[in-house]
Amino acid sequence: MPNFEEELDFALELQEPQMYKVLLHNDDYTSMDFVVDVLISIFHKTHQQAEQIMLQIHEKGKAIVGVYTYEIALTKAQQVKQKAKQHEFPLLATIEEDA
């Protein structure tokens, strides 16, 4: 019978997954209340956090609303797009690699 117990000569290296930032962008049409609602319902922010982030978006043109793995970041951005479309707002969510 052959001996199947062999030692592997390499160490298994686990790497952290690449993370991605989700950003919301300011526009002249999306209401501040809607942005707050998106931050609460999609990004699970508290009302106070949502208001602070919404003001950052308004004043600086965009803000990071979360950092996730690629699949989750993409899903969150798509959820924003879908919800904005349903409510007829042009709210833009983008993702970019986290440094």
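The values are calculated or read from the model by the stated rules, or taken from the named source; none is laboratory data. Since the model is a prediction, treat every value here as computed from it, not as a measurement. Cβ sites come from the backbone with ideal geometry, for glycine too, and all protein chains shown count toward neighbours.
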Self-check item: Members of region 82-98 found to be at negative phi and not aliphatic (A, V, I, L, M), listed by number
Solution: Gln82, Lys83, Lys85, Gln86, His87, Phe89, Pro90, Thr94, Glu96, Glu97, Asp98
Quiz prompt | Top-ranked residue in region 47-58 [being under 17 Å from the mean Cα position of the chain (by Cα) and within 17 Å of Asp27 (Cβ to Cβ); ranked as surrounded by the most Cβ atoms within 10 Å (Cβ to Cβ)] | solution = Met54
Practice problem: Search region 59-78 for residues being assigned to a strand (DSSP E or B) and of a type outside the set (A, V, I, L, M, F, W, C), and hand back the single one that is farthest from the chain's Cα centre (by Cα). | Solution: Lys62
Quiz prompt | Qualifying residues in region 29-43 (those that are without any contact (Cβ under 8 Å) to a residue 40 or more places away in the chain and more than 20 Å from Asp98 (Cα to Cα)) - the one surrounded by the fewest Cβ atoms within 10 Å (Cβ to Cβ) | solution = Asp33
Quiz item: Just for region 6-35: of the residues that are at pLDDT 95 or above and aromatic (Phe, Trp, Tyr), which one is nearest to Val67 (Cα to Cα)?
Solution: Tyr20
Quiz item: Does Ile95 meet the test of being surrounded by 14 or more Cβ atoms within 10 Å (Cβ to Cβ) and not in a helix (DSSP H, G or I)?
Solution: yes
